[in-house]
Amino acid sequence: IVVRLANVYGPHMSTTNVISQILRQIPEHGDVIVRDSLPVRDFVWVRDVVDGISRLALRDFPVGRKAKLYNLGSGIGTSIGDVARLILELAGQSERRVVSKDQKHIISKIALDYADTTEVCGWIPKVTLREGLEHLLKLDYRT
């Protein structure tokens with residue numbers, strides 16, 4: 001089997017991903033700077049990913065079955081700008097603006113359909129983007 005992952009976030013995530021870059025700006029003042037606020041991406045909580053991979057790995061697939069691709073994502077596309085605004089809202093800083101430093105004006109959209117994964121192993125993501133971001137803010141995950 002092949003597993004395609006959406007944008008995985010959660011504790012111990014890369015410090016270079018977009019969510020980490022936004023979270024690092026929370027203690028500051030002024031505008032929150034993102035590279036481009038327009039791209040739409042699918043964000044999935046790390047523990048949901050672990051659950052999905054475990055379920056797929058433990059599934060008893062028939063011998064000789066052709067390779068198959070399974071998606072692990074939320075199925076919901078959220079723009080980078082909306083992610084930044086949600087983080088600001090959750091941090092009580094809704095008055096701050098989100099500014100793109102290199103906006104391309106080309107909207108790229110990626111959201112994964114996980115219906116095949118649900119069908120084969122019963123997996124569905126449990127943690128919403130809001131819940132995951134609330135958890136990260138409580139952990140003070142800004143470094």
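The values are calculated or read from the model by the stated rules, or taken from the named source; none is laboratory data. None of the values given here were measured: they were computed from a predicted structure. As a convention, Cβ positions derive from the backbone with ideal geometry for all residues, glycine included, and neighbour counts pool all protein chains shown. Calculation scope for accessible area: heavy atoms of the full protein, side chains included, ligands and nucleic acids excluded. Shrake-Rupley method; radii C 1.70, N 1.55, O 1.52, S 1.80 Å.
Here is how the numbers come out for the structure above:
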{"item": "Residue match in region 48-56 (condition: open to solvent by less than 50 Å² (accessible area, probe 1.4 Å), touching a helix residue (DSSP H, G or I) at 6+ places or on another chain (Cβ under 6 Å) and more than 25 Å from residue 134 (Cβ to Cβ))", "result": "yes"}
{"item": "Near pairs, Cβ below 9 angstrom, 6+ apart or cross-chain, from region 1-16 (farther than 21 Å from residue 40 by Cα and among the hydroxyl-bearing types (Ser, Thr, Tyr)) to any residue that is in a strand (DSSP E or B) and at pLDDT 95 or above", "result": "none"}
{"item": "Verdict on residue 139 being out of contact with any Gly (no Cβ under 7 Å at 6 or more places or on another chain), open to solvent by less than 70 Å² (accessible area, probe 1.4 Å) and more than 18 Å from residue 53 (Cα to Cα)", "result": "no"}
{"item": "Filter pass, residue 51 being in contact (Cβ under 8 Å) with a residue 40 or more places away in the chain and assigned to a helix (DSSP H, G or I)", "result": "yes"}
{"item": "First in region 63-74 and open to solvent by 80 Å² or more (accessible area, probe 1.4 Å), second anywhere and of a type outside the set (A, V, I, L, M), Cβ under 9 Å, 6 or more apart", "result": "none"}
{"item": "Condition check for residue 84: surrounded by fewer than 17 Cβ atoms within 10 Å (Cβ to Cβ) and either within 20 Å of the chain's Cα centre (by Cα) or hydroxyl-bearing (Ser, Thr, Tyr) (or both)", "result": "no"}
{"item": "Residues of region 115-143 that turn out to be assigned to a loop (DSSP other than H, G, I, E, B), over 14 Å from residue 19 (Cα atoms), touching a residue at least 60 places away in the same chain (Cβ under 8 Å) and not hydrophobic (A, V, I, L, M, F, W, C), as a count", "result": "3"}
{"item": "Residue that is farthest from residue 79 (Cα to Cα) [pool: residues in region 102-143 that are among the small types (Gly, Ala, Ser) and more than 14 Å from the chain's Cα centre (by Cα)]", "result": "122"}
{"item": "Any chance residue 118 is surrounded by 15 or more Cβ atoms within 10 Å (Cβ to Cβ) and farther than 23 Å from residue 13 by Cβ", "result": "yes"}
{"item": "All positions within region 1-25 that are surrounded by fewer than 19 Cβ atoms within 10 Å (Cβ to Cβ), assigned to a loop (DSSP other than H, G, I, E, B) and not hydroxyl-bearing (Ser, Thr, Tyr)", "result": "1, 11, 12, 13, 17"}
{"item": "Top-ranked residue of region 87-102 - restricted to ones that are out of contact with any strand residue (DSSP E or B) (no Cβ under 9 Å at 6 or more places or on another chain) and of a type outside the set (Asp, Glu), ranked as most open to solvent (accessible area, probe 1.4 Å)", "result": "94"}
{"item": "Near pairs, Cβ below 7 angstrom, 6+ apart or cross-chain, from region 84-110 (within 19 Å of residue 17 (Cβ to Cβ) and among the hydrophobic types (A, V, I, L, M, F, W, C)) to any residue that is assigned to a helix (DSSP H, G or I) and open to solvent by 40 Å² or more (accessible area, probe 1.4 Å)", "result": "86/130; 90/134; 98/85"}
